[in-house]
1. In whole Å, what is the distance between the alpha-carbon centres of segment A:17-67 and segment B:32-98?
2. Per DSSP H run of at least 4 residues, take -39500 (n - 2.57); add these up for chain A, divide by its residues and hand me the 222 nm value, nearest 500 deg cm²/dmol.
3. Provide the three semi-axes, in whole Å and in decreasing order, of the ellipsoid equivalent to segment A:57-112 as defined by the square roots of 5 times the Cα gyration tensor eigenvalues.
4. Divide the volume of the convex hull of the Cα atoms of the protein assembly as shown by its number of residues and quote the answer in cubic angstrom per residue.
5. Under DSSP H, which helices of chain A have Cα atoms covering 15 Å or more of the helix axis and a Kyte-Doolittle average no less than 1.0?
6. Hey, how much of the P(r) for chain A falls beyond 23 Å, as a percent of Cα pairs?
7. Taking the simple approach of a point 7 Å from Cα along Cα-to-Cβ for both B:LEU111 and A:THR31, what is their distance in nm?
8. With each pseudo-label sitting 7 Å past Cα toward Cβ, what's the B:THR64-B:HIS95 distance in nm, one decimal?
Amino acid sequence: MRYLTDRKRAEGKGPAHHGTETHKHMTLTATGLAFLMPVFLYIFGHALGQDHAGVVATFSRPIPAIVTGLVFFIAMRHFPHGAGSVLTDYAKGRARRYLTIFVVSLSYLITATVLFALVRIAN
Amino acid sequence: MADSNRVDRPLSPHLTTYRIIFRPQITSFSSIMIRVTGIGMMFGVLLAVWWLLAAALGPEAFATADAVATSWFGDLVFTLSLLAVWYHYLGGLRHLLWDTGRGLELRTVELLGWGCIIGSVVLTILTLIVI
C-alpha cells in the first residue's frame, strides 16, 4: 500500500520539472568515459615519469591532447552530478548549498586549467 | 499532533541503520564504494592537473610538480586513484547494465559486486604492468 497523493506521484516531468535529464546526462557521460578512459590511462601512464621535453612532446601530439581534453571535459561534467547526489543525501541546508557551489566551481576550474595547459603545450 | 512527527530521521541511505540492524552486505558496500571512489579519485585528478599545468609552464615548474608526482607519495596517490578509476568504471558498467533492466536478481547483484572488487584489483595490476 503506497500512501502517495496524486500530486506527490510523478506527473509529467515530475516535481523538479526536468524529469530524468540528470540520469540521462550521467549515462551519456559515463558511456563516453568508458571508451576514453582506457586510452587516457595509457597516454598518461606513459607520459608520467618522462622528462619535461618528453611530456611536452607527448601532449603536443593531436591524439593525446584531444583525448586528454575530452576526458577532463566530460569527467568534469560527470563529477558535479555524482558528488551532487552524495551532497543531496548527506548534507542539509546551507552546508549543501556551499558544498554544491564548491564542487561545481572546482569542476569548471579543473576543466579550464587542463584546456589552458593543453593549449600552452600545443603552442 | 504535528509536533510528534518531528523526529530526527537518519539521512538516506541510512548508514547507521545498515550498521546496526544488518550484517555487512556486498550490495550496500559495492554501492557505497562507487561514491567513495568517485570522490576519492579527485586527489589523483588534482595531482595530475597540477603536473600537466606545470609541464605547460616550463621546466622549473615541472621539476617541482614532477618531483611530487613521481615520489612515493605520488605513486601512492596515483595507484589508489587508478584502483578507484577501475572500480568506478566497473561499477558504472554495472549501472548501465541495470538500466537495461537486466542483472537485478539479488544473486546476480552480489556476484557483480564481487566482480567489481576483484575486477578493479586485477585491472589495476594489469594497467601498472602495461604502462
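Any read-out appearing in this document is the output of simple, stated calculations on the displayed coordinates, not a laboratory observation. Note that the coordinates shown come from a computational prediction; the quantities given were computed from them, not determined experimentally. No Cβ is skipped: glycine too gets one built from the backbone with ideal geometry, and neighbour counts run over all protein chains shown.
1. 12 Å
2. -27000 deg cm²/dmol
3. On the way: eigenvalues 190, 20, 6 Å².
The equivalent ellipsoid of segment A:57-112 has semi-axes of 31, 10, 5 Å.
4. Expressed per residue, the convex hull around the Cα atoms of the protein assembly as shown is 177 Å³.
5. Numbers: long enough: A:21-47 (37 Å, 0.67); A:62-90 (41 Å, 0.88); A:93-122 (44 Å, 1.25).
Within chain A the helices that satisfy the rule are A:93-122.
6. Values: 3688 of 7503 pairs.
Distances greater than 23 Å cover 49 percent of the Cα pairs.
7. 2.6 nm
8. Modelled inter-label distance: 3.6 nm.
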